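These notes are about the structure you will find just below.
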Amino acid sequence: MVVTTGEQAKLRILCLHGYEQDSSIFRTKLRQHIAGLADLVFVDAPNVLQPYDIDGMDNLKRAAAVRSGESLDRTIRGWYWLKSAAPEQVCGLETSVEFLASVLRDNGPFDGVLGFSQGKCLSNWPIDK
């Protein structure tokens with residue numbers, strides 16, 4: 001028998017940001033679209049990207065800034081990154097899978113997972129609890 005109190009419980013959703021982002025950026029993007037519809041739990045990818053890991057034409061500028069002691073505007077993260085294309089070498093994926101398993105174990109259960117870009121790829125990854 002199911003007893004309800006007239007209030008419908010909010011879904012609890014784990015939110016996984018995309019490449020070159022972090023949880024604060026993803027939270028800001030989603031706030032205007034689904035605020036109040038669900039309890040959203042945001043986590044940061046465990047891998048901090050270095051300037052040479054980041055796509056884009058300003059890589060040389062970013063790398064020079066780091067060498068000179070200047071910091072990037074924010075910590076840039078990724079769930080994994082491509083170290084080389086030939087042969088293909090992916091880095092950071094095992095660390096991310098282990099991290100997500102600990103999030104599920106320590107902070108779950110969740111009703112669903114919402115991911116953007118790389119976060120979407122990880123949301124489909126089979127993770128043993």
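At-a-glance table
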{"quantity": "Residue, modelled with the lowest pLDDT, within region 30-56, restricted to residues that are assigned to a strand (DSSP E or B) and either touching a helix residue (DSSP H, G or I) at 6+ places or on another chain (Cβ under 7 Å) or open to solvent by less than 50 Å² (accessible area, probe 1.4 Å) (or both)", "calculated": "A38"}
{"quantity": "Residues satisfying the stated conditions in region 90-113, i.e. in contact with a helix residue (DSSP H, G or I) (Cβ under 7 Å, 6 or more places away or on another chain) and of a type in the set (A, V, I, L, M)", "calculated": "L100, V113"}
{"quantity": "Residue list for region 57-84, filter: at pLDDT 75 or above, open to solvent by less than 60 Å² (accessible area, probe 1.4 Å) and outside any strand (DSSP E or B)", "calculated": "I76, W79, Y80"}
{"quantity": "Top-ranked residue of region 109-129 - restricted to ones that are more than 18 Å from L30 (Cβ to Cβ) and exposed (fewer than 13 other Cβ atoms within 10 Å of the Cβ), ranked as modelled with the lowest pLDDT", "calculated": "K129"}
{"quantity": "Total residues in region 85-98, condition within 19 Å of S23 (Cβ to Cβ) and either touching a strand residue (DSSP E or B) at 6+ places or on another chain (Cβ under 8 Å) or surrounded by fewer than 11 Cβ atoms within 10 Å (Cβ to Cβ) (or both)", "calculated": "3"}
{"quantity": "Positions within region 1-29 being at pLDDT below 75 and of a type in the set (F, W, Y), in sequence order", "calculated": "none"}
{"quantity": "Residues that are surrounded by 14 or more Cβ atoms within 10 Å (Cβ to Cβ), farther than 8 Å from F116 by Cβ and of a type outside the set (F, W, Y), drawn from region 16-26", "calculated": "E20, D22, S23, I25"}
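The values are calculated or read from the model by the stated rules, or taken from the named source; none is laboratory data. Computed from a predicted structure; not experimentally measured. Cβ: placed from backbone, ideal geometry, glycine included. Neighbour counts: every protein chain shown. What goes into the accessible areas is simple: the full protein's heavy atoms, side chains included, and nothing from ligands, DNA or RNA. Shrake-Rupley method; radii C 1.70, N 1.55, O 1.52, S 1.80 Å.
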